[in-house]
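Please read the structure below before turning to the comments.
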Amino acid sequence: MSARPAVAATVAFAAVATFVFGTLLSETLLLYPNIFADVPDSLALTMEFMAVIAPGDVLPPLGAASLLTGVAAVALTVRRAAVRWWEIAAVASLLFGQFIFSAAFFWPRNQIMFVEGAAVHDPAYLQQVAAEFQTGHWVRVGAGAVAATLAFVAMLRMHREAIAASRELGQNRPDTPT
């Protein structure tokens, strides 16, 4: 069985997971200082600034792409012991640290800060929710770093396995010079 589909899947997953992590880190370093600078006023300004496109428009599709490529990588490496558990761990980190944690922890806080806002909540409560959001966000960043690292290790292991398999095939061919 050819290793090419498994190699392609592990490369795609590592690339997408790394891109998603980079995007999340960029959002953290470039946008969050402005979003949370002076809650609740900065939240209102953020809503005006991000009226056309916001992280919530971009990150969920990227997260879905990372999960889909991760599931494909797991499916195509399930019989490759050297790779399989790295892929499974990377997908688990994405699933629990990004998707489930985001749905359970961030989505309610996003509703409070960016939908209901100061029209429903007093400034002290919005500041508390913003602080919780920022603290929890580092868990999400950590999970993204873990997922990208594990996916990259899996890709390297898959590459190593594919190289070894191609050498093995080459050594068994009678027309190969020694």
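None of the figures in this text is laboratory data; all of them are computed from the coordinates on show. None of the values given here were measured: they were computed from a predicted structure. Don't worry about glycine lacking a Cβ; one is built from the backbone with ideal geometry, like all the others, and counts go over all protein chains shown.
Numerical summary
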item	result
Lone qualifier among Thr18, Thr46 - being within 30 Å of Leu156 (Cα to Cα) and either in contact (Cβ under 8 Å) with a residue 40 or more places away in the chain or outside any helix (DSSP H, G or I) (or both)	Thr18
Contacts under 9 angstrom Cβ, first residue in the range 22-34 being touching a residue at least 12 places away in the same chain (Cβ under 8 Å), partner of a type in the set (Ser, Thr, Tyr), 6 or more apart	Leu31/Thr46; Asn34/Ser42; Asn34/Thr46
Boolean, Ala72 is more than 28 Å from Tyr125 (Cβ to Cβ) and out of contact with any helix residue (DSSP H, G or I) (no Cβ under 7 Å at 6 or more places or on another chain)	no
Out of Gly144, Gly117, sole residue that is at positive phi, within 28 Å of the chain's Cα centre (by Cα) and not acidic (Asp, Glu)	Gly117
Helices (runs of 4 or more DSSP H) wholly inside the range 51-166 containing at least 3 residues that are more than 21 Å from Val16 (Cα to Cα)	107-110, 117-120
Of all residues making up the range 102-116, the number that are buried (at least 16 other Cβ atoms within 10 Å of the Cβ) and over 28 Å from Ala92 (Cβ atoms)	3
